[in-house]
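Please read the structure below before turning to the comments.
The values are calculated or read from the model by the stated rules, or taken from the named source; none is laboratory data. Small disclaimer: the values here were computed from a predicted structure and weren't measured. Glycine gets a Cβ as well: all are built from the backbone with ideal geometry, and neighbour counts include every protein chain shown.
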Amino acid sequence: MFFSLSFSSVHKRSKRMEYLLPLLLITIVCVTIHVLISTFKPKKPSKYPPGPRTLPIIGNILDLGNLPHQTLAKLSKIYGPIMSLKLGSTTTICISSPHVAKEVLQKNDQIFANRTIPDSVRLFDHHKLSVVWLPPSALWRTLRRVCATKVFSSQQLGSTQVCRQRKVQELMDYVKERCEKGEAFDIGEASFITVLNSISNTFFSMDFAHYTSHKSQEFKDIIWGIMEEAGRPNVVDFFPIFRLLDPQGARRRMNGYFEKLFAFFDGLIEERLRLRVLENEAKPCKDVLDSVLELMFEDNSQVTRTLVLQLFLDLFVAGVDTTSSSIEWAMAELLRNPEKLEKVREELQKVLVKGEKLEESHISKLPYLQAVVKETFRLHPPAPMLVPHKTEVDVELCDFMVPKSSQILVNVWAMGRDSSIWTNPDEFRPERFLESDLDFKGQDFELIPFGAGRRICPGLPLASRTVHIVLASLLCKYNWKLKDGEKPQDMDISEKYGITLHKAQPLLVIPIQA
């Protein structure tokens, strides 16, 4: 009996072994195959970029603060040049090195070419018709082509040079008046009016504001309001469920700004169309509006009146704001560094023959002035984190996984202050650009204030010309001092954040005849 039970038990164990052995062999073979495949197959990233610890529901929203570009720059020193944050329901990847920026904006620019759309710009279908917010598409390419051929082409900019020169001369007449009276004025506001009128004459052959009127302040409030609402953190963007409530009032305020600008531009278009009818023939193109209207009247044209209104809003808001703020920042840095200002003036005096009028053609002969502009863009980029990008698919980036629908922020402000890229990065030292060939045209990723790749700012050529010629004109004939005897080292250079970066306190200066 015992023998029988023992034999039965052994028999069962034998049967079990017969079953387990093949299973074990199969398992060993499968594991071996998996190891071999894993060894020779390119590894896919299995983790997100590092980042600060998230709080339940709100994630890292509290980490942003009032100056997100500065906060994220500090965090990148802890977590690295590619960093992951959770802003409510949105995964945000922050880039803060030229190498990673090049991967996003050049090598993989097609994958990262879409935009994260702030709720505040969805009014009037702006995000569906805007060259800034549209994803790459047939319509977007049409708008880019209009910008390239009818607005910012070398031929168009050359033909409107006289107009810009006239607007700069009007600025200098205003400066002369303030100089004779010994009065201080707001250099940011004066620059804003100059740039506004320069662009408005290029587009519509008319001034939009005057130095002695309050009209410029109305435009300034609208344009800065749009940039501020589109750029600052909004709870609706983090939690779309609150979209209908608009708890911060961003959409309500933006609606007012958009309505005013659209009504104004539409009135100008209507008046131009009325004049064309009265003349009973198409006039030769003399400004941007005429050129765009010609496109509208072409057979099967994609350019509609609504699209033109949206384009004008984009170009005015972005063009006027970024250019005038850059001029103000440049003047602020030069006044804080009098020895640099004197170097610019010495260069101008050497290049300009006595009594010769300063023109855009002189800029190529002024390397130190060009270096001053580059240094200003490094320290005070017009858009400190560019316009947000977005990926529509899961994508590998520097051995990390960037999940679908992530918002991509390129912190060019942080890159400009990075001590591994720049020697003494907080110091205003234009000389660093005399020692290198770095430029801001989108090829050198250490300095990309206007972005790079297919989403580079289309207005870069006009912005560059305008900043250089206005700055050179202001420095050519005058010395400058701060209001109320303020010392340069005591100047307030704190920042005010939106999509664009403004000086928090206006720069009040008194011109002195050189």
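Find the residue count for the range 429-439, including only residues that are under 21 Å from the mean Cα position of the chain (by Cα) and either buried (at least 23 other Cβ atoms within 10 Å of the Cβ) or not assigned by TED's automatic domain parsing to the domain that holds Leu105 (or both). Full working, then the answer.
The initial filter retains those residues of the range 429-439 that are under 21 Å from the mean Cα position of the chain (by Cα), namely 438-439.
If we keep only those that are either buried (at least 23 other Cβ atoms within 10 Å of the Cβ) or not assigned by TED's automatic domain parsing to the domain that holds Leu105 (or both) too, we end up with none.
Looking only at that region, the number is 0.
Taking the condition farther than 29 Å from Tyr478 by Cβ and not polar (S, T, N, Q), does Pro430 pass?
no
Let me spell it out: the conditions are (1) under 30 Å from Gln443 (Cα atoms); (2) among the polar types (S, T, N, Q); (3) surrounded by fewer than 19 Cβ atoms within 10 Å (Cβ to Cβ), and Gln169 meets all of them except one. Which number is the exception?
(1)
Is it the case that some residue within the range 396-406 is free of Cβ contacts under 8 Å to residues at least 60 places away in the same chain, more than 30 Å from Trp329 (Cβ to Cβ), charged (D, E, K, R) and in contact with a Ser or Thr (Cβ under 7 Å, 6 or more places away or on another chain)?
Yes, the range 396-406 contains a residue that is free of Cβ contacts under 8 Å to residues at least 60 places away in the same chain, more than 30 Å from Trp329 (Cβ to Cβ), charged (D, E, K, R) and in contact with a Ser or Thr (Cβ under 7 Å, 6 or more places away or on another chain).
Give the residue that is modelled with the lowest pLDDT, with candidates limited to residues of the range 201-217 that are within 17 Å of Thr466 (Cβ to Cβ) and small (Gly, Ala, Ser).
Ser216
Okay, residues lined up against (1) surrounded by 15 or more Cβ atoms within 10 Å (Cβ to Cβ); (2) of a type in the set (Gly, Ala, Ser); (3) touching a residue at least 40 places away in the same chain (Cβ under 8 Å):
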position: Ala371; (1), (2), (3): yes, yes, yes
position: Thr376; (1), (2), (3): yes, no, yes
position: His380; (1), (2), (3): yes, no, yes
position: Leu386; (1), (2), (3): yes, no, yes
position: Glu392; (1), (2), (3): no, no, yes
position: Ile408; (1), (2), (3): yes, no, yes
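Quick check on Leu129: is it within 24 Å of Asp444 (Cα to Cα) and at pLDDT 95 or above?
Answer is no for this residue.
I need the full set of residues from the range 80-116 which are under 16 Å from the mean Cα position of the chain (by Cα) and either part of a strand (DSSP E or B) or aliphatic (A, V, I, L, M) (or both), in order please.
Passing the criteria: Cys94, Ile95, Ala101, Val104, Leu105, Ala113, Asn114, Arg115.
Considering each of Cys147, Cys163, Cys179 in turn, give the residue that is in contact with a helix residue (DSSP H, G or I) (Cβ under 6 Å, 6 or more places away or on another chain) and either surrounded by 14 or more Cβ atoms within 10 Å (Cβ to Cβ) or part of a helix (DSSP H, G or I) (or both).
Cys163
Can you spot a residue in the range 248-259 that is of a type in the set (D, E, K, R), closer than 14 Å to Phe312 by Cα, modelled with pLDDT of 95 or more and in the same structural domain as Gly498 (by TED's automatic domain parsing)?
yes
From the residues in the range 481-508 that are part of a strand (DSSP E or B) and aliphatic (A, V, I, L, M), which one is modelled with the lowest pLDDT?
That would be Leu501.
State which residue pairs qualify: first residue within 18 Å of Leu309 (Cβ to Cβ) and inside the range 204-225, second residue surrounded by 15 or more Cβ atoms within 10 Å (Cβ to Cβ) and among the polar types (S, T, N, Q) in any location, beta carbons under 7 Å apart, and separation of 6 or more residues or different chains.
Once the first residue is within 18 Å of Leu309 (Cβ to Cβ) and sits in the range 204-225, its partners that are surrounded by 15 or more Cβ atoms within 10 Å (Cβ to Cβ) and among the polar types (S, T, N, Q) give Met206/Ser200; Phe208/Asn197; Phe208/Ser200.
Could you pull out the residue among Thr500, Thr466 that is polar (S, T, N, Q), within 30 Å of Leu64 (Cβ to Cβ), in the same structural domain as Val373 (by TED's automatic domain parsing) and buried (at least 21 other Cβ atoms within 10 Å of the Cβ)?
Testing whether each residue is polar (S, T, N, Q), within 30 Å of Leu64 (Cβ to Cβ), in the same structural domain as Val373 (by TED's automatic domain parsing) and buried (at least 21 other Cβ atoms within 10 Å of the Cβ) leaves just Thr500.
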